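The values are calculated or read from the model by the stated rules, or taken from the named source; none is laboratory data. Just so you know, these numbers come straight off a predicted model, no measurement behind them. Methodologically, a virtual Cβ is constructed for each residue, glycine included, from the backbone with ideal geometry; neighbour enumeration extends over all protein chains shown. Ligands, DNA and RNA are excluded from the accessible area calculation, which covers all protein heavy atoms including side chains. Shrake-Rupley method; radii C 1.70, N 1.55, O 1.52, S 1.80 Å.
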Amino acid sequence: MIFPTAAALGGTRGAPALPAMPSAPLPEQTFFSDPAIDRLLGVTMALAAEVYVLRDRLRAIEARTGAPAAIEPSPDADAAAFVARLFAPLAGEQEAKGPL
Amino acid sequence: MSDLPLDAESAAHQRFVAAARSYWRGPLFRTLHAQARGAPDAGRDLVTHRYFAWLERHLQRMKYSGPRGLAAIAQRSRDALVALPFAPPPGLLTLDPTLVPPAYYTACDIHQQPGGLLAELGAHVYRAGVTGGVVDAATLHERFATRIVGDSRVERILDLGCGFGRGTLAFTRAAPAAHVDGVDIAASCVILAARETPAALHGRVAFRQAEATTSGLPGGTYDIVTSTMLLHEMPQAAVRALIVETARLLRPGGIVAHLDFLPPADPVLRLLFEGHARRNNEPYLLEHSRIDLARAYADAGFTHVEATPFDEEDGALATPPRVWRLPWHTIVARKP
Ligand SMILES: C[S@@+](CC[C@H](N)C(=O)[O-])C[C@H]1O[C@@H](n2cnc3c(N)ncnc32)[C@H](O)[C@@H]1O
């Protein structure tokens, strides 16, 4: 959405609105052999973000009720640990050695 | 994350995206770099590369778009952001309401920022978006400005494509006796830059809304004409026009100093850099990489053209790199 630029000055100048930009949405970019994978990954990431938001809310409630914290107390450390668990499968690295 | 007021859910969402980006440019990048070395085509077809590419594209989308994205967050706090009283002292801020931005500028939402910088709150969204990101090494602008100024006596500096003034203000600190002008095409940027200028600098800094190649500023004036992350946002013809305009603006003996990106030599890093252009909505980044800048500056009458890799923080130029980074370079030339 485009606003008159002068509004950001608290209305002290009467600048007209700038010309509107083309409103065409961006074409989809895909990175996998089947675009269904790209979109499904989008759904997975949306769910992951949602789970993280719930974790964060849970921490707030725990803090308020005095319940023993089930989640790392530092939000940044918790987010980093959560993301490391979430993304661990992406690079295909295995921990157990052996053939087959 | 800058000054955008966040509700609890949006704050948590943004923290998740920031953590995901750290993982993407750190551990995932390092694994990909190791897997891709020696792989055919620099690892283009590796599954890990596909995930890396997907995450670059979509983490940026998740940061800016959607109900918990920065554009919507800024919009929800619009009144608080723009209603603050602001009466810039004379000379600090010049807007040009008649300015029509070139088509190349409006054709694409750069960095996937919805509405770009021309939106009323564009600069607020941009600032929130880059804080803590790949173009926000804490010392980047300071390092650049102090290296360029060195111990030379400088009276007038011009910062083109100044954004919300990070480089402009860094140059005022690096050259404490200089007057520094900042120019940007986006009103939201120069307004935010002027708002953020400490009162102690009023009289020494001026922000102006203008197109960089037709700034209307007086010729033969500046000791240094500079920019940070501007060139790669302009198509080749505009970069050439900018070089000619820079030659006009500088006084004899003055220097032009850009901080921008040039393609890395490592084939894996090059693949990621080239992919970054499209994934981050940088329509002219690759075109910029193909310009023979030394030639273009020489054609415009400049001497001593030098492009030098730039370490935005200590250890940034280590091989292999510790994190995915943009291939910063300083590009410096002298007007005889
Ligand atoms: C990536 S931002 C960098 C901002 C700032 N230099 C910094 O380092 O934070 C690029 C800036 O260049 C501006 N810009 C792009 N093309 C321009 C042009 N032709 N004339 C003036 N400014 C321009 C954009 O509006 C944007 O603020």
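In region B:47-65, which residues are at the interface with another protein chain (Cβ under 9 Å from one of its Cβ atoms) and open to solvent by less than 80 Å² (accessible area, probe 1.4 Å)? Selection gives B:Thr48, B:His49, B:Arg50, B:Tyr51, B:Phe52, B:Ala53, B:Trp54, B:Leu55, B:Arg57, B:His58, B:Leu59, B:Met62. The set of residues in region B:174-226 that are among the charged types (D, E, K, R), away from chain A (no Cβ under 14 Å) and crowded, with 22+ Cβ neighbours inside 10 Å contains only B:Asp181. Scanning region B:291-312 for residues that are in a loop (DSSP other than H, G, I, E, B) and surrounded by 12 or more Cβ atoms within 10 Å (Cβ to Cβ) yields B:Ile291, B:Ala300, B:Gly301, B:Phe302, B:Phe310, B:Asp311, B:Glu312.
Being modelled with pLDDT of 95 or more and touching a helix residue (DSSP H, G or I) at 6+ places or on another chain (Cβ under 7 Å) is true for just one of B:Arg147, B:Arg143, B:Arg68, B:Arg156. Which residue is that?
When all the criteria are applied, what remains is B:Arg68.
Here are A:Leu58, A:Leu41, A:Leu86: which of them is within 11 Å of chain B (Cβ to nearest Cβ), surrounded by 14 or more Cβ atoms within 10 Å (Cβ to Cβ), over 13 Å from the mean Cα position of the chain (by Cα) and modelled with pLDDT of 85 or more? The match here is A:Leu58. Every condition in (1) over 15 Å from B:His258 (Cα atoms); (2) over 19 Å from the mean Cα position of the chain (by Cα); (3) more than 10 Å from the ligand (Cβ to nearest atom) holds for B:Thr214 except the one numbered (3).
The residue that is nearest to A:Glu50 (Cα to Cα), counting only those in region B:2-16 that are at the interface with chain A (Cβ under 7 Å from one of its Cβ atoms) and touching a residue at least 12 places away in the same chain (Cβ under 8 Å), is B:His13.
Of all the numbered requirements in (1) open to solvent by 40 Å² or more (accessible area, probe 1.4 Å); (2) over 22 Å from B:His141 (Cβ atoms); (3) hydrophobic (A, V, I, L, M, F, W, C), B:Ala277 misses one, and that requirement is (1). Using the structure shown, decide if B:Val239 is part of a helix (DSSP H, G or I), within 14 Å of chain A (Cβ to nearest Cβ), within 10 Å of the ligand (Cβ to nearest atom) and open to solvent by less than 20 Å² (accessible area, probe 1.4 Å). For B:Val239, the condition - part of a helix (DSSP H, G or I), within 14 Å of chain A (Cβ to nearest Cβ), within 10 Å of the ligand (Cβ to nearest atom) and open to solvent by less than 20 Å² (accessible area, probe 1.4 Å) - is not met.
What about B:Ala74, is it part of a helix (DSSP H, G or I) and at pLDDT below 95? Answer is yes for this residue. Here's a check for you: in region B:151-168, which residue that is hydrophobic (A, V, I, L, M, F, W, C) and within 10 Å of the ligand (Cβ to nearest atom) is farthest from the other protein chains (Cβ to nearest Cβ)? Out of the qualifying residues, it is B:Leu160. Of all residues in region B:175-191, those that are of a type outside the set (Val, Ile, Thr), touching a strand residue (DSSP E or B) at 6+ places or on another chain (Cβ under 9 Å) and either more than 10 Å from the ligand (Cβ to nearest atom) or assigned by TED's automatic domain parsing to the domain that holds B:Asp109 (or both) total 4. Here B:Gly122 fulfils each of the conditions (1) away from the ligand (no atom under 11 Å from the Cβ); (2) under 20 Å from the mean Cα position of the chain (by Cα); (3) more than 8 Å from every other protein chain (Cβ to nearest Cβ) apart from (1). Residues satisfying the criterion are absent from region B:66-73 (criterion: away from the ligand (no atom under 13 Å from the Cβ), within 22 Å of B:Arg195 (Cα to Cα), open to solvent by 40 Å² or more (accessible area, probe 1.4 Å) and at the interface with chain A (Cβ under 9 Å from one of its Cβ atoms)).
Tell me, please, whether a residue that is in contact with a strand residue (DSSP E or B) (Cβ under 8 Å, 6 or more places away or on another chain), within 27 Å of B:Thr146 (Cβ to Cβ) and away from the ligand (no atom under 16 Å from the Cβ) can be found in region B:255-267.
yes
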